[in-house]
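Below: one structure, written as structure tokens.
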Amino acid sequence: MKRIIPIAFLLLAGTALTAQAPPSSPAASHSYSTELGFSYDIPSDWKVTGTQADSLQAKQQAAENASSEEAKKGMACAQIGLTAHHGASVIVDVALPFDCFGRQMSDEDMHGFGEVASQGVKQSFDIGEPTYATYSLGTHNLWIERVAGALKGQPGSPFTIEVTCAVLKRAAVCWIAMAEDGAALKTFEHAEVTLDGEAPVALVPATAFDKKPL
């Protein structure tokens, strides 16, 4: 059961990351908040392009790769929140509400994340050897993965793919970046988040990779 959740997240997120960005003007606000207990801010020069129709399409595409009924249920419950583009770089968050999924998660569920986290990304990317770690933001423990990769069939277009996930009171959430350069990765990591009403803090601190997962 524990391994279904990250697979569902990342199959869905991988689909969202590689979706064609529609033409758009910069959104009036780049602050995304949800009743699930988190908010996330990015700079105004990023374009927010995700729509509910895009989310439904990503779910349909990702569900085709689901290997079990539990994974399909995770897909159906998952919510794509903010999706933002800057050049070829993409940032997206995916949340799994517990009331929809049918069970509460805890930090213990995060132990399986590292082993399977790259499986969804591999649907769209050729990746190298990932690095995993855990870190804390306030009272929350987060799991993080970083890996170099390239879109399948496009080896000349390298990216850094970074995924960080947390278990909140009402949902589990993963933030995913496909960064074409250091500036985009820095934007992802330095973006302010609030988790369950705690004080805003940078999503990924400089010490995030100091502690390896158990």
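Between Ile127 and Glu192, what is the label-point separation in nm under the 7 Å Cα-to-beta-carbon projection? Reported label-point gap for Glu192 and Ile127 is 3.0 nm.
For the range 193-207, putting each phi into the Karplus relation 6.51 cos²θ - 1.76 cosθ + 1.60 with θ = phi - 60° gives couplings of 10, 10, 10, 6, x, 6, 5, x, 8, 5, 4, 10, x, 4, 8 Hz, in residue order, rounded to whole numbers and with x for Gly and Pro.
Taking the protein heavy atoms of the range 125-196 in the context of the full set of protein chains, the accessible area attributed to carbon and sulfur is 49 percent at 1.4 Å.
Once both labels are positioned 7 Å from their Cα atoms along Cα-to-Cβ, the gap between Glu180 and Arg103 label points is 4.1 nm.
The values are calculated or read from the model by the stated rules, or taken from the named source; none is laboratory data. Quantities reported herein were computed from a predicted structural model and do not represent experimental measurements. Cβ: placed from backbone, ideal geometry, glycine included. Neighbour counts: every protein chain shown. To get the accessible areas, we keep the full protein, side chains included, count just its heavy atoms, and leave off ligands, DNA and RNA. Shrake-Rupley method; radii C 1.70, N 1.55, O 1.52, S 1.80 Å.
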